[in-house]
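Every number in this text was worked out from the coordinates using simple rules, so none of it is lab data. Worth saying up front: this structure is predicted, and the values here are computed from it rather than measured. Every residue, glycine among them, receives a Cβ derived from its backbone with ideal geometry; neighbour counts consider all protein chains shown.
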Amino acid sequence: MNDLVEKGKKRLDWARAHMPVIERMKRKISENGYLKDKNISMALHVEAKTGILALCLEEAGANVKMASCNPLSTDDSVAEALRQEYDMDVYAERGQSDEEYYENLNNTLRHDPDVVIDDGGDLISLIHTEREDLIDGIYGGAEETTTGVVRLRAMEKDGTLRFPVMSVNDALMKHLFDNRYGTGQSTMDGIMNATNLQISGKNFLVVGYGWCGRGIAMRAKGMGASVMVSEVDPVKAVEARMDGFEVLPTEEGVEKADFVVTVTGCKDAVDEEAIKKAKDGCVLANSGHFDNEISKDKLNQLSKSKRKVREEIMEFTMEDDRVLYLLSEGRLVNLAAGQGHPAEIMDMSFALQMMSAEHVVKNEGLEPKVHSIPREIDEKVASLKLESDGIEIDELTEEQKRYIENWKEGT
């Protein structure tokens, strides 16, 4: 076994040892048999936790083909270990070109999928634009992240979404924990790994205060940074203020920010005007799905020179001699420069993915739209998480159940 494969196998083994929920879920799904002999095409960040999801799906009887959902998020050691040690069809390599990226997405469709599992919506979009011949054979899909759900809801609104997709991202057991605690920790991990710079005492701007932004702001504050938040949603802006953060427009925040992290799901969150005003020495990072939240075109146009100063850092010298640093080409910093979310976090999210895959097969004929995760699936994952942690909780008595269901009965 070569060193790369050995490294990947160890990472897979370590992740599996810390993902008890999906192991319990796998046993139940195997007993039910709905995924037996079903072809599943996946486009996710190919790293250790994703590898465990793919292996558990195969161990539950499915046939899996997997590609990456981002050109820079593949852990080559894990991809190679899955190919060589587990004989899995994995089409992914870190640093692949756009052409290779879409070729690999197409490769996952070679076995005419019954179920599609996506992260960011590229695979489902590809099927609807270039592989419509596959649609009639697909029970449904599942989408992992905010950006993908936004795209799918736009497809649904336009009347172009032709099979049901489960919004895993919006499940309580996903966005409350994965988006907040997973993104928060992994983003800080990526930034520190890329820069080796101090966080405490620095001014830290979080652009976007959804669940992911909440997590990043929380972690930066916990590490001693002075945290600012910019938003376009007035309700989220009020929430950020109530959580103790300074709220201001992005163009004002960048003037004093040592670190800027975008996490909006929208393009040009840091645009030309923000780049013109950014503080000398500012570190720019993105934790949103696509690499267009920080305007790289404008960075290039407004700079007089650029050079790579560390493996994951590009230095841009502006016309006025300010220096700005862009991490990981503006791609997901938590995966491009880090190892992604903690295993215990992805354990819950990927258990939801497994149950979503089973759900669309079990309930064949669901309406072709974006579906919310049923409450019972959320509660099942929560119960397995508590069980794996050795935690017990209270249950309502029959009298208490009658009380809360009886609208006539007062206090």
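So here's what we get for this one:
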read-out	value
Amide H contacts under 5 Å for Val229, placed H, 5+ residues apart	Val206, Glu246, Val247, Leu248
Cα centroid of the stretch 366-403 to Cα centroid of the stretch 288-320, whole Å	46 Å
Within the chain, percent of DSSP bridges classed antiparallel, to nearest 5	20 percent
Packing-based ranking, highest mean first, of 304-315, 132-143 given that Cβ atoms within 10 Å are counted	132-143, 304-315
The chain, relative contact order [Cα under 8 Å, separation at least 6], %	17 percent
Size of electric dipole in the chain: Cβ of Lys, Arg +1 and of Asp, Glu -1, about Cα centre, debye, nearest 20	700 debye
DSSP bridge pairs, the stretch 181-336: antiparallel proportion in percent, nearest 5	35 percent
Candidate lysines for bridging to Lys9, where Cα separation is under 17 Å - those fewer than 8 sequence places away on the same chain excluded	Lys49
Furthest towards positive pole of dipole, Gly281, Thr50, Tyr86, structure part the chain, Cβ charges	Gly281
Helix-only [θ]222 nm of the chain, DSSP H runs n ≥ 4, -39500 (n - 2.57) each, per residue, nearest 500	-13000 deg cm²/dmol
Formal net charge of residues neighbouring Tyr139 (Cβ-Cβ distance under 11 Å; K, R +1; D, E -1)	-2
Globularity index of the stretch 244-319, i.e. its alpha-carbon radius of gyration over 2.2 N^0.38 Å	1.07
Net +/- balance of residues flanking Glu358 in space, Cβ distance below 15 Å, scoring K and R +1, D and E -1	0
Entries of Lys28/Lys362; Lys28/Lys380; Lys7/Lys38 with Cα pairs more than 23 Å apart	Lys7/Lys38
Value of D in µm² per second that Stokes-Einstein yields for the chain, Kirkwood Rh from Cα pairs, at 37 °C (0.692 mPa s)	148 µm²/s
Mean Cβ count within 10 Å, highest first, over the residues of peptides 250-257, 385-392, 236-243, 166-173	166-173, 250-257, 236-243, 385-392
Net charge, Lys308 excluded, C-beta distance under 12 Å - Lys, Arg +1, Asp, Glu -1	-1
Rg followed by Dmax, in Å, when the stretch 181-336 is reduced to its Cα trace	13.9, 41
All-pairs alpha carbon distance profile, the stretch 1-140, 10 Å steps from 0, percent	13, 42, 35, 10, 0
3J(HN,Hα) from dihedral phi, the stretch 171-187, Karplus parametrisation 6.51/-1.76/1.60, rounded to Hz, x for glycine, proline	5, 4, 6, 9, 6, 5, 10, 4, 5, 8, 7, x, 5, x, 5, 6, 5
Cβ charges +1 (Lys, Arg) and -1 (Asp, Glu), total dipole of the stretch 181-336, debye	360 debye
Nearest-0.05 FRET efficiency for Asp133 and Leu4, computed from C-beta distance (R0 51 Å)	0.90
Candidate aspartates and glutamates - alpha carbon under 12 Å from Lys276, same-chain residues fewer than 8 apart omitted	Glu251, Glu252, Glu255, Glu319, Asp320, Asp321
Partners for Lys277 among lysines (Cα-Cα distance below 29 Å; same-chain residues under 8 apart left out)	Lys202, Lys221, Lys236, Lys256, Lys267, Lys296, Lys298, Lys304, Lys306, Lys308
